[in-house]
Each structure stands twice: as structure tokens, then as C-alpha cells.
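Remarks on the structure that follows.
Please treat every number below as a calculation from the coordinates, not as lab data. Quantities reported herein were computed from a predicted structural model and do not represent experimental measurements. We place every Cβ from the backbone using ideal geometry, glycine too, and count neighbours over all the protein chains shown.
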Amino acid sequence: MSPTKSHYRYQPFTSPPLPLKPGVVTGKALNDLLEYAKDTGFAMPGVNIVGSNSINACMEAAKSYGGPIMVTFSKGGGAYIAGKAADNTDDAASIAGCIAGAKHVREVAKLYGVPVILHTDHCQKAWLPWIDGLLEANAEYYKEHGEPLFSSHMLDLSEEPLEENIGICKDYMEKFAKYDILLEFELGVTGGEEVRMGQGWSEATVSPPRPQTTNNILLVTSLLVSPNRTVSTTPTLTPPGSTPSPRR
């Protein structure tokens, strides 16, 4: 039987979960919000958007249910916002589109009366110039307003060896910390985007948690000591009958 709305418990917030002002949440306020969500056991939806219409729909939904929301931009989504005729040499359209979308959110979020997390989604190693362009925009915005343009960015280097993943994330965390930007980084292989990038298997199963995975997480978090980071871990997918790689 397919799930229906009656199968789920919808519980709108009667008031904001924290004394947050409406608008984009960054820095310490963002860390406080994430900790509060963890402690009280609620999740914030994150929606990949492709234009002002989907941005507005996200904030309308957040207003209806009274809670915060995460508006998320992807590299391709940024290019889509800029328009297909825009020159995307050196990720110019992807960068410009994400910046334009972020500024749209900042202009209208207060009108909806909701706190919003401005985030960017999975960025693999080859796409780091896109993040570099957004980092420049964050620096300029921070210089003028005392906070970054975006709340957070995600690096997904799970395709790379663990040591390289850690090293690159550490470098970017140090850059982000200058502007109070939160970093999300990923360990593991989901079998979705990674399969598209050429790591696919004809058949895959989800392996159970393993001691080496836990040790890797502890290693990463010990090297990346900062309040401005979150860890996204995924179960490793391996072909049936094979031994999981200890680096993922």
C-alpha cells in the first residue's frame, strides 16, 4: 500500500524553534539552530531549487508550517538560473546564477517571516572552481555586511581517497572560517551520483556499519576541529560478495 498523508504526523511549529530573526541564518546563529534541531529531534527540509518560483514555493511552505527551511543551490541549478544562453566558461553562469538566487532569497525571506539556510549541494573535486567563485562572493558580501552571502557549502569528495578528501576539506574549512561559513563534507559512496561518475556496479547492496568507517569519521572530525563543520556520512555500497574498501 502506498503511503498517504495520513501515515505521517504533520506538526507545524507554533513559533520559531529559536529566537531567530526572519531571513538568512549564518554563523553562530546557524550553529545554534542545528544544535537545537539535534537536541529537540526535528529535521529541516533542504530543497534544491532551479529558479525564483521554486525559491518562493520553499519559503511559502516554511511560512505555512512555521519552521526554518534550507534553500539549496547546485552547480547545474545555478547555470539554469542564469539561463541556457549564458556563457558558462569557467563556471561563470553557475556562479552568477547561484549568487543571483542567493540575493533573491535575501531580499524576500524576511517578507515570508521565516529563517532560511542558504546552502550549496554536492561539489566534487572537478567542480571546486565553482565553490571558489562563490567564496569570492561570500568575501565581498562579508566585507560589506559582516556576514557571508551563503550560510554553508558542501564538498563531496567521496570519490577521492580519504586522505585527500580530508586534506582538501581542511583547506576549505580554514578559508570558510574567515567568513563564518559552515562546511558540510561527505564520506562514503551512495551509489547514486557516484554511479553516474563511473563507479557503478551492475548490482549493489548496502553494507552494514563497519569499524573502519567509524574510525574514519573520528579521524576526520579530529583533524577538522571547528564549530563550522558538519559531517555527512553514507553507507558504503559494494558488489555482493566483495570486501568493502577501507578508504570509504
Self-check item: Convex hull of region 83-185 built on C-alpha atoms - directionally averaged projected area, nm²
Solution: 7.2
Quiz item: How far, in nm, would the chain grow between GLU174 and ASP32 when pulled straight, counting 0.36 nm per residue and subtracting the alpha carbon separation?
Solution: 49.1 nm
Practice problem: Taking a cut-off of 19 Å between Cα atoms, list the aspartates and glutamates near LYS110, but don't count ones fewer than 8 places away on the same chain. | Solution: GLU60, GLU147
Exercise. Within the set of other residues whose C-beta is less than 10 Å from the C-beta of LYS75, count the net charge using Lys and Arg as +1 and Asp and Glu as -1.
Key: -2
